[in-house]
Every structure is written in C-alpha cells, then in structure tokens.
Amino acid sequence: MKTRVTELLNIRYPVVQGGLAYLAYAELASAVSNAGGLGQITAMSLPSPEALREEIRKVKAWTDKPFGVNFAIGQHNRPYEHMLDVALEEGVKVVSITGGNPEPLIRRMDGHDIKKLVLVASVRQAQKAEAIGADAVMAVGQEGGGHLGRDDIGTFVLIPRVVDSVSIPVLASGGIGDGRGFLAALALGAEGVEMGTRFIATQECVHAHPAYKEALLKGTEQDTSVIKRTLGAPARVVRTEGSDEILRMEAEGAGYEQLKPYISGERNRTFIYEGNPQKGFGWAGQVIGLIEDVPTVQQLFDRMFTQTEETLRRLQASTEQA
Ligand SMILES: Cc1cc2nc3c(=O)[nH]c(=O)nc-3n(C[C@H](O)[C@H](O)[C@H](O)COP(=O)(O)O)c2cc1C
C-alpha cells in the first residue's frame, strides 16, 4: 500500500494510532509500529522529560520501525519544551500536536529531520497548520473520541472539505475502526487514517482497566456523550454515571470551578485505570458500536486489511455488474 502518508512516515500501512492520554505507552506504540502502522507515545501523560526518554527507549528496544510522540498542548498547563527536546535528542521521526497553537512547537523543530502532524477539526485549522509547516493534517470528525472541534462536523463532510482546502496529505480521523471505514476514508480523499478508540480495545493497551474495555465492547453507537460543551471544549466519552453527573451539572449551569473536580485527569483515571464508572469517565468515540472484541494489534491489522480487500472486490464486482 502506497500513499503520500506511507512515504512521508516510512510505514507499511497508512494507519496512525492517535495520542491516547494515559493509555498510549510503549507497549501499544511498539505493537502498532510492528504491525505496520505508526504507534505513538503520549508525552503529556508522562511526569517528566526523563520519563519520556525512558518510554522512547522502550519503544526503540521493542521495534525498529518508526513511531511518533504526541503532544496535547492545550489541555495541560505544563511546559512541553523540554519534553520536545528529549524527543529530538532521541531521534524520534514523527511528532503530532493537538490542542492549542502548534506554531511554537513547530518552530522549535525547524532544522530537525522530523515529520510534523497536526490534529485539526476544521478547514481553517487545517489551512493554518499547512501555512506554518505541518507535513500532514489529521482531521477529526465529531464522532471521534476525546476532544473534538466546536463545530460538530462529521467525518464524512470534514474530510473531503479539508482535502479540497490544503495540498499536504490528509489523514481521516473519527469513527474509523475497520476495513470498511479505512476504505471509505481513502474514497473521501484521505491518504491515511488515525484511530483512537479502536486501539484501546486491544491486548497491548495494557493500561486500560478491563471495565473500560468492557464498556467499549458492550456499548453501542448510542452509548457515548459529549461533555464539557458548555466550557467550549467538547469531548466525547463512553457513558458512565460519572459522565452523566457532569452532563447534569452542565445542564444546571455549573461553571468551570464547580466542574473542575469532576472533569479532572484524576476522575478520568478513576475509570480508565481503576474501573470505577460511578465516579470516573473515559474518552471514547461512536465507533464503540463497531467494537466486539479485544484482539492483538496484529490481529486487528490483519482483519482490517483483509476486509479492505474484500470490500474492494465487492465494489469492483458490483460496478462490473452495473
Ligand atoms: C481515550 C482517548 C484519549 C485521547 N487522548 C488524546 C491525546 O492525548 N492527544 C491527542 O492528540 N488525541 C487524543 N485523543 C484523540 C485521538 O487521538 C483520535 O483523534 C480520536 O480518538 C479519533 O477518533 P476515534 O476515537 O473515533 O478513532 C484521545 C482519544 C481517546 C479515545
């Protein structure tokens, strides 16, 4: 399989594992890279630059394939500069950025041989990313898990709009979990995909509590909610008592200070690490409606690309009949 994304990132399949706060560590990242995609470590989930260095070294020990480091810069007040310097010192080949303004990070990478991916949720953000030097954009539609754009644009409209608006390669993100979604993304003009939620329900996502994985398996496409919309930072979760409580408070007009303890990273970890849905919450997208098992990453890739080929054959057969 060859697209500008496989060429740019030097990978076999144009599939990027999204940054996954508190879940994307060396086990998952190396498994995705070994299966032919691009695995990523999420830098801001780690306590220090040295912890990031250790995690990077683990990935290097477990795969000789390229991998990335993700920076979610908007949601943390911690400085990221030293983290980025560690990624550069360690010779990481790809950095992805989401959240706030990516420009200072991109400028800090000037002169380094490193590919820069920016996660966007609108045409305007994609054009800005291209203008400041992104090598590719990952455009996430509103069905995705975790933080979303504010405009509620679904993947099926967002991707062709972004493809028509920039000349750098576009990866489709939000709602993709199998070979049909992968092929549809290519049909929309994307040259690769980013998947988040689907990778949580894999064997190598070792940090996700079994109750979180179980919620993804049991949940249908109707079992997610968007929290924090009233704070201007909409983000999709799998429904838990904890997330229902947040929505109830938002509906009653609670402001940031009141919501803060309920939407904290600690409450997030209460569910995803400890499996407590009464108090905690966990990010997930509508694609949970398509998740029915917890394969290894390799099995997931094998299945996805077998289904991609079958789907292509089915489409070819139906056009030949027409
Ligand atoms: C549990 C979880 C945590 C996430 N954390 C991050 C993050 O730290 N950085 C980031 O760039 N994106 C993050 N995202 C977004 C994903 O990278 C990706 O864009 C999104 O999951 C795509 O939609 P999908 O879940 O339908 O595949 C997160 C998503 C989930 C589900």
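The values are calculated or read from the model by the stated rules, or taken from the named source; none is laboratory data. The model shown is predicted, which means the values in this text are computed figures rather than measured ones. Here the Cβ is made from the backbone with ideal geometry for all residues, glycine too, and neighbour counts use every protein chain on show.
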Glu55 vs. criteria touching a strand residue (DSSP E or B) at 6+ places or on another chain (Cβ under 7 Å), acidic (Asp, Glu) and not in a loop (DSSP other than H, G, I, E, B): yes
Test: residue in segment 266-289 that is modelled with pLDDT of 95 or more and over 19 Å from Ala208 (Cβ atoms): no
Single condition Val92 does not satisfy, out of (1) part of a loop (DSSP other than H, G, I, E, B); (2) touching a residue at least 40 places away in the same chain (Cβ under 8 Å); (3) of a type in the set (Val, Ile, Thr): (2)
Positions within segment 4-29 being away from the ligand (no atom under 15 Å from the Cβ) and without any contact (Cβ under 8 Å) to a residue 60 or more places away in the chain, in sequence order: Glu7, Ile11, Arg12, Ala26
Condition check for Gly280: part of a loop (DSSP other than H, G, I, E, B) and within 13 Å of the ligand (Cβ to nearest atom): yes
Neighbours by Cβ (under 7 Å, 6+ apart or cross-chain): first from segment 136-159, closer than 18 Å to Ala233 by Cα; second among the hydroxyl-bearing types (Ser, Thr, Tyr) and in a helix (DSSP H, G or I): Gly141/Thr155; Glu143/Thr155; Gly145/Thr197
Filtered residues of segment 132-154 (kept if more than 24 Å from Val94 (Cα to Cα) and within 14 Å of the ligand (Cβ to nearest atom)): Gln142, Glu143, Ile153, Gly154
Count of segment 34-55 residues which are within 16 Å of the ligand (Cβ to nearest atom) and either without any contact (Cβ under 8 Å) to a residue 60 or more places away in the chain or surrounded by fewer than 16 Cβ atoms within 10 Å (Cβ to Cβ) (or both): 13
Enumeration of residues in segment 235-266 that are out of contact with any strand residue (DSSP E or B) (no Cβ under 8 Å at 6 or more places or on another chain) and either in a loop (DSSP other than H, G, I, E, B) or in contact (Cβ under 8 Å) with a residue 60 or more places away in the chain (or both): Glu252, Gly253, Ala254, Gly255, Lys260, Pro261, Tyr262, Ser264, Gly265
Odd one out for Gly275 among (1) more than 16 Å from the ligand (Cβ to nearest atom); (2) crowded, with 17+ Cβ neighbours inside 10 Å; (3) in a loop (DSSP other than H, G, I, E, B): (1)
